[in-house]
Amino acid sequence: MPVSLSGRNFLKLLDYTPNEIRYLLDLSRNFKDLKRTGTPHRYLEGKNIVLLFEKTSTRTRCAFEVGGMDLGMGVTYLDPGSSQMGKKESIEDTARVLGRMYDGIEYRGFAQEIVEDLAANAGVPVWNGLTTEFHPTQMIADIMTVEENFPQGVKGLKLVFMGDAQNNVANSLMVVCSKLGMHFVACGPKDQMPEQDLVNQCKEIAAQEGGSVTLTENVDEAAAGAHVIYTDIWVSMGEESDELWKKRIELLEPYRVTQEVMDKADKDAIFMHCLPSFHDTKTTVGKQIAEKFGIDEMEVSDEVFEGPRSRVFDEAENRMHSIKAIMYATLK
Ligand code: CP
Ligand code: NVA
């Protein structure tokens, strides 16, 4: 049966079937080809979108902006301080106003229920550009990147997330891997694992699709035979504090992705990271952490980040192609 996502929201991948995810992946690859060959694709000329950001961003914002413009759309960016939303106007009212003016709304911010609430009231497609719980647009770019490296298909591949396995990226990877029949492993301390309800839900999906979900504290067991080793920052946006950094560094240092970890994985294994990453001290935060805690790399060693197995910049580029696919599929 042909897939149509016209008019749909894109809030979390639990709402999407494996077939629909597959469709978005194929479309993303097509958009990448169009961009590479310089073929114009202003398929959504005359439409307008608004990007609501309550947290900072480089990749997601730029992918929506360039993607929107390549598709011929008008794009408005509202930064964390410059809309009335939340402070003087409820989410419901904001959604009803923006839905009258725009054809689609992107939201990056806090609780998942905010983006769900926006979608329930906007009357136009709403896309989740990251919440505390999920980061679904990232997933289409990530699986697209995995497929570029494993063209035989992702089903049956082992993807290991190391570190803060309870964050939005880890949750979303667990969902997408389960939907696509992959073997997902969350590797980190017991206290930093995804919520049990979500784990149970994903285990059920994975079982139907021929994949699996495993939680482990054991790095050797996790890395053995892995095709993808993935990590993310140890403290996410919205939760930063000195005490938390201290606690997370103590907890998560054994889960840093080092060359030793990569050497335990499959010989063709790749390293992935949604970015931004603290792999050196060339950032303000990286410098402060080095001064306070005496470490100059965090979730991944600079050697791995810069090494031959790293695919992090392909992954970042793919954000644009995949976000374009998501917008096109839901707005056409
Ligand atoms: N990966 C990602 O979402 O990056 P930004 O925070 O820069 O958007
Ligand atoms: N877990 C990170 C992802 C950033 C893209 C955060 O929420 O800050």
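Read-outs: derived from the displayed coordinates by stated rules, not from any lab. Given the structure is predicted, the values throughout are model-derived calculations rather than measurements. No Cβ is skipped: glycine too gets one built from the backbone with ideal geometry, and neighbour counts run over all protein chains shown.
Close amide-amide hydrogen proximity is noted between Thr214 and Phe184, Val185, Ala186, each under 5 Å apart and 5 or more residues distant or on a separate chain (H modeled in the peptide plane; Pro and chain starts excluded).
Taking 7 Å steps out from each Cα toward its Cβ at Lys55 and Asp33 produces label points 3.5 nm apart. Here's the list of lysines a cross-link from Lys267 could span, going by alpha-carbon distance under 29 Å and ignoring same-chain residues fewer than 8 apart: Lys32, Lys155, Lys158, Lys179, Lys190, Lys203. In terms of other Cβ atoms within 10 Å, Trp127, Trp245 run from fewest to most in the order Trp245, Trp127.
Around the amide H of Gly86, modelled in the peptide plane, lie the amide H atoms of Ile91, all under 5 Å away and 5 or more residues distant in sequence or on another chain. Can you give me the angle between helix 59-70 and the longest principal axis of the chain, using Cα atoms only, in degrees from 0 to 90, rounded to the nearest 10? That helix lies at roughly 40 degrees to the long axis.
Pulled fully out, how much extra length does the chain show between Asp280 and Lys267, if you take 0.36 nm times their separation in residues and subtract their Cα-Cα distance?
So the chain would gain 2.1 nm between Asp280 and Lys267.
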